Each structure stands twice: as C-alpha cells, then as structure tokens.
Amino acid sequence: MIKVAICDDDKAVLEKVRVLLESICKDVSIKTYDDEKIILEENIFDIVFMDIEIKDKSGIDFAIKIRERCPDCIIIFITNYTCYISDAFDAIPFQYLIKPLDENKLISVFNKALSTIKKRKKYVPITWNGQTELVECFQIIYFERCQRNVLFHMQDGKIKKSSKKFIEYITMLESYNFIRSHNSILVNISFIKALKQYNIILENNEVVPISKKYLLSVREAFIKKQAGEIVCQ
C-alpha cells in the first residue's frame with residue numbers, strides 16, 4: 001500500500017486531488033490535511049502533495065520537516081505562484097503543479113511518482129519463529145548482528161529480529177546503498193546525517209560506531225552521497 005498525503009487549505013483542491021488519485025491507483029492510502037497538523041503525523045508517507053502557502057504559513061517549511069523525517073518521500077508542490085519555486089529547493093521537490101490544476105498534468109506527475117516508488121520498493125525477507133515478513137529496504141536504517149540473530153532498526157522506530165544468517169543479509173543489501181561500518185553493522189547511506197570521528201550520526205540522531213577497518217569506505221560513501229553521486233532510495 002502506497003501512503004499519500006495531500007495538504008492544502010483549499011478544500012475543493014483537496015477533494016479534487018483525492019478523487020483523481022483514487023481513480024488512478026487503488027493501492028493507495030490517502031490522508032488529507034488543511035493545516036500544519038501534517039508535520040505532527042506519525043505516518044511515513046511515500047508521496048506528499050503540498051500547497052506552498054497554507055493559511056499564511058509556509059508549506060515549504062512543512063515539507064522540509066517532512067523531508068527530515070522521511071528522506072525518501074516524494075514531495076510535489078501545488079502553488080498559485082511560480083515565484084516561490086526557487087525557494088522550495090531545500091525540500092528537494094519531485095515536481096510542481098500550478099493552480100488551477102490541470103488534470104492531465106496531475107495524472108502524469110502522479111504516474112511518474114508511482115513509477116519511482118515502485119522501482120524503489122525493494123524487499124528483504126525477515127524470518128523469525130518460522131514466519132517470514134517482507135520489509136521494504138528503504139525503511140531499514142541499519143541492521144546488526146546480535147549473537148546468532150540479526151536486528152533491523154526501522155525508520156518507524158521499531159526493531160525487527162531475524163534468525164537468518166548475517167552474511168545472507170550482507171549479500172542481499174550491499175547493492176541497495178548499505179555500507180558496512182563495523183564487522184557486525186551495515187548502515188543505509190540514505191539515513192547518514194553526519195560523520196564524527198569514529199561514529200555515524202543518523203537522521204534520527206542515533207549514533208552508530210565505525211571501526212578503523214571501514215572508516216575510509218564510509219567516508220567515501222558519505223562524500224558521494226553529499227555530492228549527489230549516490231541515489232538514496
């Protein structure tokens with residue numbers, strides 16, 4: 001299920017976008033907002049449609065806060081004013097829609113966003129007590145070996161446990177933008193906020209150690225991420 005949020009203080013726009021999106025894709029869960037309550041929402045959204053101005057407040061600021069919580073969220077701005085577009089770059093928008101909304105343009109942009117999401121949906125099997133759960137790779141912040149098990153630290157704050165071998169997950173996930181920071185830890189590059197000596201500072205401010213053996217490779221990966229050479233999904 002793809003999670004979508006629409007935030008606009010014009011209820012007619014909210015309803016129009018909601019109805020149109022639901023007609024395009026049935027596999028969506030849509031929430032609508034007409035104020036800043038969206039930034040208090042605990043859900044992690046795949047796609048957010050955001051009005052640039054909401055009740056005299058900045059939708060751009062809301063979008064930046066959403067981006068901090070959901071690094072992989074696709075943000076599509078809706079606006080009456082093209083003059084604000086350059087101000088929105090910090091939110092790393094996917095696209096802009098100009099009011100009054102053109103339905104064909106909205107459909108085209110949404111389909112492109114869906115295509116991006118579907119390409120990004122890479123899954124890893126987490127097995128525990130004989131049951132297997134498929135988890136989206138981009139929701140894993142990092143995973144670590146703990147005795148004979150593997151612990152997955154998730155974007156929603158949960159920790160999932162697997163009885164599979166650590167080496168199996170290394171093979172599965174190293175090609176999906178995970179970097180080894182320690183003999184027993186691999187980190188999703190998307191969630192690295194900063195490096196400090198022998199530590200990784202994650203987007204949730206958690207600190208993960210870097211062993212001397214992996215320090216250079218972690219630094220190189222972080223530099224590439226900062227330069228935009230690694231696509232974080």
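Somewhere in segment 147-156, is a residue within 20 Å of residue 68 (Cα to Cα), touching a residue at least 40 places away in the same chain (Cβ under 8 Å), out of contact with any His (no Cβ under 7 Å at 6 or more places or on another chain) and exposed (fewer than 15 other Cβ atoms within 10 Å of the Cβ)?
Scanning segment 147-156, I find at least one residue that is within 20 Å of residue 68 (Cα to Cα), touching a residue at least 40 places away in the same chain (Cβ under 8 Å), out of contact with any His (no Cβ under 7 Å at 6 or more places or on another chain) and exposed (fewer than 15 other Cβ atoms within 10 Å of the Cβ), so the answer is yes.
Only one residue in 106, 134 is of a type in the set (A, V, I, L, M), exposed (fewer than 14 other Cβ atoms within 10 Å of the Cβ) and either at pLDDT 80 or above or not assigned by TED's automatic domain parsing to the domain that holds residue 24 (or both). Which one? On inspection, the qualifying residue turns out to be 134.
Output the residues belonging to segment 7-46 that are part of a strand (DSSP E or B) and either polar (S, T, N, Q) or outside the structural domain of residue 63 (by TED's automatic domain parsing) (or both). Before the answer, list the steps.
Our first condition is that a residue be part of a strand (DSSP E or B); within segment 7-46, this holds for 7, 28-33.
The answer is 29, 32.
Looking across segment 2-51, the residues that are closer than 18 Å to residue 98 by Cβ and among the charged types (D, E, K, R) come down to 8, 9, 10, 16, 51.
Select from segment 198-225 the residues that are crowded, with 17+ Cβ neighbours inside 10 Å, among the hydrophobic types (A, V, I, L, M, F, W, C) and farther than 22 Å from residue 69 by Cβ and list them in ascending order. If you could, list the steps in order and put the result at the bottom.
To start, the set of residues in segment 198-225 that are crowded, with 17+ Cβ neighbours inside 10 Å comprises 200, 202-203, 208, 210, 214, 218, 221-222, 225.
Imposing the further condition that a residue be among the hydrophobic types (A, V, I, L, M, F, W, C) reduces the set to 200, 202, 208, 210, 218, 221-222.
Matches in segment 198-225: 210, 218, 221.
Restricting the search to segment 144-157, which residues are within 17 Å of residue 134 (Cβ to Cβ) and at pLDDT below 95?
Step one: filter segment 144-157 for residues within 17 Å of residue 134 (Cβ to Cβ), giving 150, 152, 154-156.
Across segment 144-157, the qualifying residues are 155, 156.
Within the bounds of segment 165-183, is there any residue that is surrounded by fewer than 12 Cβ atoms within 10 Å (Cβ to Cβ), within 24 Å of residue 70 (Cβ to Cβ) and either modelled with pLDDT under 85 or in contact with a His (Cβ under 9 Å, 6 or more places away or on another chain) (or both)? Yes, segment 165-183 contains a residue that is surrounded by fewer than 12 Cβ atoms within 10 Å (Cβ to Cβ), within 24 Å of residue 70 (Cβ to Cβ) and either modelled with pLDDT under 85 or in contact with a His (Cβ under 9 Å, 6 or more places away or on another chain) (or both). In the condition set (1) modelled with pLDDT of 80 or more; (2) of a type in the set (S, T, N, Q); (3) under 26 Å from residue 203 (Cβ atoms), residue 86 is compliant with all but (1).
The values are calculated or read from the model by the stated rules, or taken from the named source; none is laboratory data. These figures come from a predicted structure and were not determined experimentally. Every residue, glycine as well, gets a Cβ built from its backbone with ideal geometry; the counts of neighbours run over all protein chains shown.
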